[in-house]
1. Which FRET efficiency, nearest 0.05, do SER49 and LYS168 yield, Cβ-Cβ r, R0 45 Å?
2. What is the sum of charges, Lys and Arg at +1 and Asp and Glu at -1, for the other residues whose Cβ falls under 9 Å from the Cβ of VAL47?
3. List the residues of region 138-157 whose backbone N lies under 17 Å from a point placed 7 Å from the Cα of ASP28 along the Cα-to-Cβ direction.
4. Within the set LYS16/LYS60; LYS60/LYS81; LYS60/LYS83; LYS81/LYS116, which residue pairs have Cα atoms separated by over 18 Å?
5. Expressed in nm², what is the orientationally averaged projection area of the convex hull enclosing the Cα positions of region 1-69?
6. At ARG9 and SER175, where each label point lies 7 Å from the Cα along Cα→Cβ, what is the point-to-point distance in nanometres?
7. Report, in whole Å, the centroid distance computed from the Cα atoms of region 112-144 and region 25-88.
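Nothing in this text is a laboratory measurement; each read-out follows from the coordinates by a stated rule. This is a predicted model, so every value here is computed, not measured. Ideal geometry is used to build each Cβ from the backbone, glycine not excepted, and the neighbour counts take in all protein chains shown.
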Amino acid sequence: MVVDVEVVRKARLGDKDSFALVYQQIADDLYRVALYSLGNSHDAQDVVSETFIEAFKGLKNLREDSSFKSWIMRILSIRCKRKIGQYITSRSEVDIDDFLDISEDSEGLEETSTRKIALVRALETLTPQERQIVALAVVQGYTVRETAEILGAPQGTISSKLHRTLKKLRAQLES
C-alpha cells in the first residue's frame, strides 16, 4: 500500500489521527516483512508494535515526508536484527500459512502440503540477512536500490546477495 505523503506531513506535525491513518496504511506491509524475517507471528507483531512506538517518538525528526516508508522500514529492519540476535541459536520455523495464500482443494491437498514443506525447509537454509533481503525484495516488492537503502548496505551487495539467495532457494526446491 502507498503511504499518503500529506498524511505523513500532518502526523509529523503532531496530528495523532493522521499517525493512526499512516499506521493503517503500512502496518500490514511491516508485519509481512517482520514475519518473513523472524519466522514467528508473535515476535513479528511485537517488533511491528515497537517500530511504530519508535516511529511515533521520532517522526518529528523525519526530514522528507516522502521517505517515510523507507525510514520506518529501516527502523523495522534494526528491530528485526535485534530480535534475531536474541534467538539466533534457537531459530524458529516460519508459519508459512501466515503469509502464503495457497488454495487447498481436496485433490491438491497432498501436493500443496509437499510444496509447503519443501518451501519451509528451503527457507530454513537461509541466513537471517538472506531472509530479510528476500522479504523486502520478493515478498514486499521493493527494488534492489530501496532494499539496500532500508538495510543500509551497498546496492551491489544487496543485488549479489539477492541473486545468490534466490539461486540457493531454487536449488533447494529442485532437489
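1. Working: r = 32 Å, r/R0 = 0.71.
It comes to 0.90.
2. On the way: positive: ARG79, ARG82, LYS83; negative: ASP43, ASP46, GLU50.
Spelling it out: positives minus negatives among the neighbours equals 0.
3. Of the residues in region 138-157, 139-142 have backbone N under 17 Å from the label point off ASP28.
4. Numbers: LYS16/LYS60 12 Å; LYS60/LYS81 24 Å; LYS60/LYS83 26 Å; LYS81/LYS116 26 Å.
Beyond 18 Å: LYS60/LYS81; LYS60/LYS83; LYS81/LYS116.
5. On the way: hull surface 17.1 nm².
With every direction weighted equally, the projected area is 4.3 nm².
6. Placing both labels 7 Å beyond Cα along the Cβ direction yields 5.4 nm.
7. A separation of 18 Å, based on Cα centres.
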